[in-house]
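Q: Here it is, the structure in full.
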Amino acid sequence: TGRYTVEISKIEETTSSKKGTPMLKVQFKIVDGEHKGRILFDQLVLQKNAYWKIKTLLKAAKSPLAETGCEKEQEIINDLTGRKLSVYVETAYNEEFDKTQSRCSNYAEVETASTTTKSAPKKTPFE
């Protein structure tokens, strides 16, 4: 569990195994920290009621498609591949597979150095 800075390394069109619903399978590569190099996956269902998740991903990756809108899978794939963002991961028990699994729970923009680094300490009158 936690928040990880990732790069979208691969996106492929696929269908769900149970209902044949079209979806995008997204592969993320963690780019820093102790888990650098590890791979995360998420699946984005391509149905109207699930486009909010795709829009969240587009915004987090700072894609212009987040504002202009797009429902063309290939355009989304081409635009997102190689972009960086933060992914929140949590673990949950999966009854179907009888085990605990990690899943991507949310996306956010990568924190910039200016928002994460501490400012230099102010000098005291004695320095």
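Q: Which one, Asp42, Asp79, Asp98, has the greatest fluctuation when you compute a Gaussian network model over the chain with C-alpha springs under 10 angstrom?
A: Asp98
Q: Turning to a different aspect of this structure: Quick one: among Asn106, Asn78, Asn94, which has the greatest mean-square fluctuation in a GNM of the chain with alpha-carbon springs under 10 angstrom?
A: It is Asn94.
Q: Any idea what diffusion coefficient the chain gets from Stokes-Einstein, in µm²/s, Kirkwood Rh on alpha carbon pairs, 10 °C, 1.306 mPa s?
A: The estimated diffusion coefficient comes to 97 µm²/s.
Q: Rounding to the nearest 10 and keeping the result within 0 to 90°, find how far the Cα-based axis of helix 51-60 lies from the longest principal axis of the chain.
A: So the helix axis and the longest Cα principal axis differ by about 30 degrees.
Q: Do any trypsin sites (Lys or Arg not before Pro) in the range 1-81 lie in a DSSP loop with no more than 15 other beta carbon atoms within 10 Å, and if so, which? Walk me through the numbers on the way to the answer.
A: Values: sites: Arg3, Lys10, Lys18, Lys19, Lys25, Lys29, Lys36, Arg38, Lys48, Lys53, Lys55, Lys59, Lys62, Lys72; in loops: Lys18, Lys19, Lys36, Arg38, Lys62, Lys72.
Sparse-neighbourhood loop trypsin sites (Lys or Arg not before Pro): Lys18, Lys19, Lys36, Arg38, Lys62, Lys72.
Q: Give me the percent of accessible area attributable to carbon and sulfur for the range 1-100, probe 1.4 angstrom.
A: Carbon plus sulfur share of accessible area: 46 percent.
Q: Given a 1.4 angstrom probe, what's the average accessible area per residue across the chain, in square angstrom?
A: Heavy-atom SASA per residue in the chain reads 70 Å².
Q: Follow-up. Add +1 for every Lys or Arg and -1 for every Asp or Glu among the other residues with Cβ under 11 Å from the Cβ of Thr14, and state the total.
A: Values: positive: Lys25; negative: Glu12, Glu13, Glu73.
With Lys, Arg at +1 and Asp, Glu at -1, the net is -2.
Q: Taking loop as defined by DSSP and a crowding limit of 15 other beta carbons within 10 Å, which chymotrypsin sites (Phe, Trp or Tyr not before Pro) in the range 64-110 fit?
A: Loop-located and lightly packed - Phe97.
The values are calculated or read from the model by the stated rules, or taken from the named source; none is laboratory data. The model shown is predicted, which means the values in this text are computed figures rather than measured ones. Note that we place each Cβ from the backbone using ideal geometry, even for glycine, and neighbour counts take in every protein chain shown. For the accessible areas, the whole protein counts, side chains as well, though only heavy atoms, and no ligand, DNA or RNA atoms are used. Shrake-Rupley method; radii C 1.70, N 1.55, O 1.52, S 1.80 Å.
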